[in-house]
1. What total accessible area, in Å², is buried where chains B and A meet, using a 1.4 Å probe and rounding to the nearest 100?
2. Over what distance in Å are the Cα centres of region B:64-141 and region A:124-194 separated?
3. Taking 8 Å as the Cα distance limit and 6 or more residues as the minimum spacing, I'd like the relative contact order of region B:61-190 as a percentage.
4. List the distances, in nm to one decimal, from the label point of B:PRO142 to the label points of the same position in every other copy, shortest first, placing each label point 7 Å from Cα along the Cα-to-Cβ direction.
5. Take every Cα-Cα distance within the protein assembly as shown, group them into 10 Å bins from 0 onward, and report for each bin the whole-number percent of pairs it holds.
6. Roughly how many percent of the accessible protein surface of the protein assembly as shown is carbon and sulfur, given a 1.4 Å probe and a whole-percent answer?
7. Enter the accessible area per residue of region A:1-53 (Å², integer; probe 1.4 Å; all protein chains in place).
8. Do the sum for the protein assembly as shown: with -39,500 (n - 2.57) for every DSSP H run of n ≥ 4, divided by all residues, what is the mean residue ellipticity at 222 nm, to the nearest 500 deg cm²/dmol?
Number of protein chains: 2
Amino acid sequence: MSIQTRRERERAERERLIVTAARELAEAEGWDAVTTRRLAAEIEYSQPVLYSHFKGKDAIMAAVAVQGFGDIAAELRAARTAAGGAREALAAVGEAYTAFARRRPALYDAMFTHTVDLPFATPEAPAALREAFGELLEAVRPIAADGDDPGLLTETYWAGLHGLVTLMRSGRLPAKAHERRLALLIGHFTAGAS
Amino acid sequence: MSIQTRRERERAERERLIVTAARELAEAEGWDAVTTRRLAAEIEYSQPVLYSHFKGKDAIMAAVAVQGFGDIAAELRAARTAAGGAREALAAVGEAYTAFARRRPALYDAMFTHTVDLPFATPEAPAALREAFGELLEAVRPIAADGDDPGLLTETYWAGLHGLVTLMRSGRLPAKAHERRLALLIGHFTAGAS
DNA sequence: AAAGAAAGGCTAGCGGTGCTAGAATTCGGA
DNA sequence: TCCGAATTCTAGCACCGCTAGCCTTTCTTT
């Protein structure tokens, strides 16, 4: 049994190596630079090894995305719990979200832009993903008006944040006034709340 | 001179043919199906002909996008002018925008998702693009509070709409509750307006 | 009308992509 | 020590965007 477990351990380690290499390469040079050949060279194995771990390149990106959900969940939680009132918490979470997107664009793309076959708004979604959404939800819930579904309101707020960062990163919105736009979004969502 | 003008006319016609073929192919089978070989076959010329009209595939997509801006501008204007009050106009424009995105996803991607080197928030932006944004602006302006920059508010509203449609189309938001999310977004933007 | 010049489109090919079949190698167990 | 099984690699497929250079067609000039 010991040999078997060692093999499995080494295999898991190599899988982590692949995901880490993909993430670092993407963050350093963008996803276009992450080719299967390049990635194979990076981990010092041949290309087909990648396919014994993942179904294809998209699956590798999905694994990177899951890592990212863990990261952003932690950052959102830190921002939320450090804030004073409900208004401040919503603003802090919004700022943390857009800051994450701007600081780690490649990771953000894997998580929210690239087509990926991860289950999202279902119970089968990865734990890290549900946790990240949960942080948004906890920040939105206190400012939800009576009769508003907090989940739907969170999705709408999330869409606003997502739209801001994607339009800005593609050059369709000038980065200059980002803070003011974000303030407008937050202001309209907190209008009439305590 | 007549020969020269005939040549130019034929050349312009062929250019239109390329853009139309690209748009139709993209709308029928998605942008992945739009390869230079496929496109060349569609217009019954060889590949290099494409490059005598456009710098590359991205430039063809940009040309398709510009067509799309004209389309959406017309639809937004129709929705806005048909609406009664300011609130209704904002809602109508929002609904028209998301309906356009859902009805013509490939076109929407070329316009708002795909990386493209069109100038956006500058005076050099294509006329159709500025017109489309202008329609949004005219719908938002009446509900802007004193002290709010209408342009920035429009950009923020636009980001909300864009976030909703992109997250929904990538499967990250369930399509089911789209109308309710849209209503929430519109409601928060019209809060406190006439 | 014939010859030269210019313009335009085509064939063929380059270097790259994601992915895979099948050979070669390594390694544990008898 | 040898065999069988698991694993890794080499080599290659079909496709991508793009381009060099030949060849045909068309216009201009003598």
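The values are calculated or read from the model by the stated rules, or taken from the named source; none is laboratory data. Only a predicted model underlies this, so the values are computations on that prediction, with no experimental measurement involved. Cβ atoms come from the backbone with ideal geometry, glycine included; neighbour counts cover every protein chain shown. These accessible areas exclude ligands, DNA and RNA; they are computed on the full protein's heavy atoms, side chains included. Shrake-Rupley method; radii C 1.70, N 1.55, O 1.52, S 1.80 Å.
1. Numbers: alone 10830 and 10840 Å², together 18790 Å².
So the total buried area for this chain pair works out to about 2900 Å².
2. Between the Cα centres of region B:64-141 and region A:124-194 lies a distance of 22 Å.
3. Working: 121 pairs, mean separation 39.0, N = 130.
Worked out over region B:61-190, it gives 30 percent.
4. Shortest to longest, the spacings are 3.7 nm.
5. That works out to 5, 20, 28, 24, 14, 6, 2, 0, 0, in percent per bin.
6. Details: 9720 of 18790 Å².
Result for the protein assembly as shown: 52 percent of the exposed heavy-atom area is carbon or sulfur.
7. On the way: 3750 Å² over 53 residues.
Accessible surface, normalised per residue, equals 71 Å².
8. Details: 18 runs with 276 residues, N = 388.
The per-residue figure over the protein assembly as shown is -23500 deg cm²/dmol.
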